[in-house]
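Enquirer: Mind looking over this structure? Questions follow.
What follows draws every value from the coordinates through simple rules; no lab data is involved. Bear in mind that the values here come from a model prediction, so they are computed numbers and not experimental data. Here the Cβ positions follow ideal geometry from the backbone for every residue, glycine too, while neighbour counts run over all protein chains shown.
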Amino acid sequence: MDVALPAVPCYVEFGVKAKYNISRGQAQFPALCRRKETTPITRNGEVVAFIVPRSRMEALLEQMEILSNPEAMKAIRRAKSGKAKDHPLKALDED
């Protein structure tokens, strides 16, 4: 059963030149998986999916984990406000 989802407006401009419709994306799937850049997949001219390189996806997941960690966000806000104490890197080597 096909359920039509309401269109969600997207306000992000995708700075990629190559866009593939679903049929072309299916035909080119192995090659698209080897690309080093994110590839949008379109249906009727509208982006409906992305093929994302593994390295980019890992970076996005790591960033999402940091953003969802309250302690990490607290430390980031403290550092941005200038209230965090800086430690020299050589302090990591001290026992």
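Enquirer: Can you confirm whether R24 is in a helix (DSSP H, G or I) and under 17 Å from the mean Cα position of the chain (by Cα)? I'd like the intermediate steps shown before the answer.
Expert: Values: in a helix (DSSP H, G or I): yes; under 17 Å from the mean Cα position of the chain (by Cα): no.
For R24, the condition - in a helix (DSSP H, G or I) and under 17 Å from the mean Cα position of the chain (by Cα) - is not met.
Enquirer: Could I ask something else about it? Filter region 50-75 down to residues that are within 18 Å of F29 (Cα to Cα) and surrounded by 12 or more Cβ atoms within 10 Å (Cβ to Cβ), then give me how many there are.
Expert: The first filter runs over region 50-75 and keeps only residues within 18 Å of F29 (Cα to Cα), leaving 50-57.
Keeping just the survivors that are surrounded by 12 or more Cβ atoms within 10 Å (Cβ to Cβ) gives 50-53, 56-57.
Residues in region 50-75 being within 18 Å of F29 (Cα to Cα) and surrounded by 12 or more Cβ atoms within 10 Å (Cβ to Cβ): 6 in total.
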